[in-house]
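Below: the structure, in structure tokens.
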Amino acid sequence: MSYYSYDNRGGRGFMANVPTAIKNIIIINVLIMIMTSLNENFMYETFALFYPTSPFFHWWQPVTHMFMHGGFWHLFFNMYTLYIFGSVLERVWGTKKFLIFYFVTGIGAALIHTGVEWIQMQSYMSQAAEGSGAALSAIHAVKMTPTVGASGAIYGVLMGYAMLYPDSVLTLIFPPISMKAKWFVLIFAGIELLTGVTGTGGGIAHFAHLGGLIFGFLLIWYWKKKRTLYSRMD
């Protein structure tokens, strides 16, 4: 990618090279982060994703939680990954089609995450009916814990890139290992499944990440079946 700087002769800037959808998603996420820093309680209670029976749940949260983040580095790594891999996909598919993919995977991630929470809640409620105080505490924790981040959609973007360019070689920053995109995504999926099932890596919505991968795979499979994978929607 080429880089340009503005000058008084009308030169182009760096952001001019960023595809439209990617640029606007990044800008919105940064603005939301600033707004959250000014009124954290209101932003989390209104726009983060809560369990459907939580007093803080609103119908729009499966979408708005994708623009909320838990801190600078959470935002930075998500947006950096979106820029690197999402830009490739948007240039192939066009802006509208990329946005469809982004929101389908992000909302799909929220559905999988909530579905896993529902399964957990059934177990907790059965234990609570038998008088378990720990189960009551767990039910309260599920209802009152917000989920934020674009990570589900970002994992969907990674799946999309790996399915379009499976033999593209990627190099991790840490550890500095190179591998093909298809193996990169499979390894990440395995890690998310393992950590989600075992409950390690607390505070991370592992099943939301898996949901993004699953919905990304399903949507691309559907487009392949319809022979529209490489058709553009600008």
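Ala48 meets the stated requirement of being among the aliphatic types (A, V, I, L, M), closer than 25 Å to Gly115 by Cβ and at pLDDT 95 or above.
May I ask you to verify whether Thr64 is hydroxyl-bearing (Ser, Thr, Tyr), under 15 Å from the mean Cα position of the chain (by Cα) and under 30 Å from Pro166 (Cβ atoms)? Working first, answer last.
Values: hydroxyl-bearing (Ser, Thr, Tyr): yes; under 15 Å from the mean Cα position of the chain (by Cα): yes; under 30 Å from Pro166 (Cβ atoms): no.
So Thr64 fails the test.
Among the residues making up region 142-187, those that are touching a helix residue (DSSP H, G or I) at 6+ places or on another chain (Cβ under 8 Å), assigned to a strand (DSSP E or B) and more than 30 Å from Pro52 (Cα to Cα) are Val169, Leu170, Met179.
Yes or no: region 72-84 includes at least one residue that is out of contact with any Phe, Trp or Tyr (no Cβ under 7 Å at 6 or more places or on another chain), surrounded by fewer than 16 Cβ atoms within 10 Å (Cβ to Cβ), more than 21 Å from Gly216 (Cβ to Cβ) and of a type in the set (A, V, I, L, M). No: zero hits.
Within region 86-96, the residues that satisfy the criterion of being surrounded by fewer than 21 Cβ atoms within 10 Å (Cβ to Cβ) and either in a helix (DSSP H, G or I) or of a type in the set (Lys, Arg) (or both) are Ser87, Val88, Arg91, Val92, Thr95, Lys96.
Filtering region 58-71 to residues that are surrounded by fewer than 16 Cβ atoms within 10 Å (Cβ to Cβ) and assigned to a loop (DSSP other than H, G, I, E, B) leaves His58, Trp59, Trp60, Gly71. Taken together, Gly131, Gly108 contain a single residue that is assigned to a loop (DSSP other than H, G, I, E, B), small (Gly, Ala, Ser) and either free of Cβ contacts under 8 Å to residues at least 60 places away in the same chain or over 19 Å from Met33 (Cα atoms) (or both), which is Gly131.
Residue by residue, here is whether (1) basic (Lys, Arg); (2) modelled with pLDDT of 95 or more; (3) in contact with a His (Cβ under 8 Å, 6 or more places away or on another chain); (4) more than 30 Å from Glu117 (Cα to Cα) holds:
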{"residue": "Pro166", "(1), (2), (3), (4)": "no, no, no, yes"}
{"residue": "Met179", "(1), (2), (3), (4)": "no, no, no, yes"}
{"residue": "Phe184", "(1), (2), (3), (4)": "no, no, no, no"}
{"residue": "Ile187", "(1), (2), (3), (4)": "no, no, no, no"}
{"residue": "Glu192", "(1), (2), (3), (4)": "no, no, yes, no"}
{"residue": "Phe215", "(1), (2), (3), (4)": "no, yes, no, no"}
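Just to be sure before I move on: is Leu158 under 27 Å from Phe101 (Cα atoms) and either surrounded by 18 or more Cβ atoms within 10 Å (Cβ to Cβ) or touching an Asp or Glu at 6+ places or on another chain (Cβ under 9 Å) (or both) in the structure I sent? Answer is yes for this residue. When region 42-57 is filtered for residues that are among the aromatic types (Phe, Trp, Tyr), surrounded by fewer than 19 Cβ atoms within 10 Å (Cβ to Cβ) and in a helix (DSSP H, G or I), the ones remaining, listed by number, are Phe42, Tyr44.
The values are calculated or read from the model by the stated rules, or taken from the named source; none is laboratory data. This is a predicted model, so every value here is computed, not measured. Neighbour counts are summed over all protein chains in view; Cβ atoms, including those assigned to glycine, are modelled from backbone coordinates with ideal geometry.
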